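Trainee: Got a structure for you, written out below as C-alpha cells; questions coming shortly.
The values are calculated or read from the model by the stated rules, or taken from the named source; none is laboratory data. Only a predicted model underlies this, so the values are computations on that prediction, with no experimental measurement involved. As a convention, Cβ positions derive from the backbone with ideal geometry for all residues, glycine included, and neighbour counts pool all protein chains shown. Each accessible area value is taken on the protein alone, full model and side chains, heavy atoms only, with ligands, DNA and RNA left out. Shrake-Rupley method; radii C 1.70, N 1.55, O 1.52, S 1.80 Å.
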Amino acid sequence: MDDKKLLFIVNPRAGKTKSLAPLFDAAAIYSEAGYLVSVRKTTHRGEATELAESLGPEFDVVVCHGGDGTLNTVVQALWEHPIPFGALPRGTFNFFGRQHGLPTDTDAALPHLLAAIEAGDMRPVQLGRIGDRIFLVNASLGLYPELLEEREEMKRRHGRSQ
C-alpha cells in the first residue's frame, strides 16, 4: 500500500470542549498504520481557507476538524479539486455532522473516519452554490446574516456569554 497523505485542518476554537488530545492521539495511530499525517491548527479567521487552498492539493484526503463554518470554508477552498474530504464535527451546533449521522465526539468519530478512508468509502454530499460561494449547510439572505455578523463581532469584542 502506498502511504496516503492526510491533512487535518483543525479549528481549536470551535465547540465547547477545547481539548485536542484525541486528535493528536489519532494522528499517532494513523501514522503507525502507514499514513503520512500533517495536523495544522488554525490561529486566525480565514486560515482554514488558506491552508486548504495552499496545502490541500498535495494530500490524498483533507480532514476538517471544526464547526460548520470551518467545514464550509474548507469545502469552499477545495470544491473544484478531486480530493476526498473528511469531516470531524467539533462545533457548537454541528448541523452538517448531525445531518450526515457523524458522531460529534472526536474519540467516537475517528475510527469511523479511518474505516471510511481505508475502505475508500467516501460518499458525495450535496453542495449549494450562490454565485461563486459554495455552502454545505445553509445560506441566508437579508437581515439574518447581518444579525449573525453583528453577533460574531460582539463575541470577538466581549467574549462569549449568555
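Trainee: Add -39500 (n - 2.57) for each DSSP H run of 4 or more in the chain, then divide by its residues: what number comes out at 222 nm, to the nearest 500 deg cm²/dmol?
Mentor: Taken over the chain, the calculation gives -12500 deg cm²/dmol.
Trainee: Here is a follow-up. Under 1.5 on a/c is rounded, so check that first for the range 73-117, then, if it is not, pick prolate when a/b is larger than b/c and oblate when it is not; a ≥ b ≥ c are the square roots of the alpha carbon gyration tensor eigenvalues.
Mentor: oblate
Trainee: How large is the accessible surface of residue 110 in square angstrom, using a 1.4 angstrom probe and rounding to the nearest 10?
Mentor: Rounded to the nearest 10, the figure is 10 Å².
Trainee: Can you work out the FRET efficiency for the pair residue 149 and residue 112, with r the C-beta to C-beta distance and R0 = 30 Å, to the nearest 0.05?
Mentor: About 0.35, to the nearest 0.05.
Trainee: For the range 17-162, calculate the relative contact order in percent as a whole number, restricting contacts to Cα pairs under 8 Å that are 6 or more residues apart.
Mentor: It rounds to 18 percent for the range 17-162.
Trainee: Would you kindly work out the equivalent ellipsoid of the range 1-75 from its C-alpha gyration tensor and give its semi-axes, the square roots of five times the eigenvalues, largest first in whole Å?
Mentor: 21, 16, 8
Trainee: If you don't mind, there's one more thing I want to ask. Figure the gain on full extension for residue 137 and residue 125 (residue separation times 0.36 nm, minus the Cα-Cα span) and round it to one decimal in nm.
Mentor: That works out to 3.3 nm of additional length.
Trainee: Next question, about the same structure. Rounded to the nearest 5, what % of the DSSP beta bridges within the range 7-157 are antiparallel ones?
Mentor: That works out to approximately 20 percent antiparallel.
Trainee: On to the next question. Please give the helix 21-32 orientation as an angle from the longest Cα principal axis of the chain, in degrees from 0 to 90, rounded to the nearest 10.
Mentor: 30 degrees
Trainee: What are the extents of the Cα atoms of the range 98-151 along their three principal axes, in Å, largest first?
Mentor: 43, 25, 14
Trainee: Please build a GNM for the chain, connecting alpha carbons under 10 Å apart, and tell me which residue among 32, 146, 53 fluctuates the most.
Mentor: 146
Trainee: Can you tell me how the range 13-124 classifies by the Cα gyration tensor, rounded, prolate or oblate, using a/c under 1.5 as the rounded cut?
Mentor: rounded
Trainee: Using the Karplus curve 6.51 cos²θ - 1.76 cosθ + 1.60 with θ = phi - 60°, what ³J(HN,Hα) values do you get for each residue of the range 66-83, in whole Hz, with x for Gly and Pro?
Mentor: These are the phi-based 3J(HN,Hα) values: x, x, 4, x, 5, 4, 4, 5, 5, 5, 4, 6, 9, 4, 8, 9, x, 10 Hz.
Trainee: Related question: Quick check on the range 40-102: take the gyration tensor over C-alpha atoms, sort the square-rooted eigenvalues as a ≥ b ≥ c, and tell me if it's rounded (a/c under 1.5), prolate or oblate.
Mentor: It comes out oblate by the Cα gyration axes.
Trainee: Next question, about the same structure. For the chain, what is the charge dipole size about the Cα centre, in debye to the nearest 20, if Lys and Arg each add +1 at the Cβ and Asp and Glu each add -1 at the Cβ?
Mentor: I would put it at about 680 debye.
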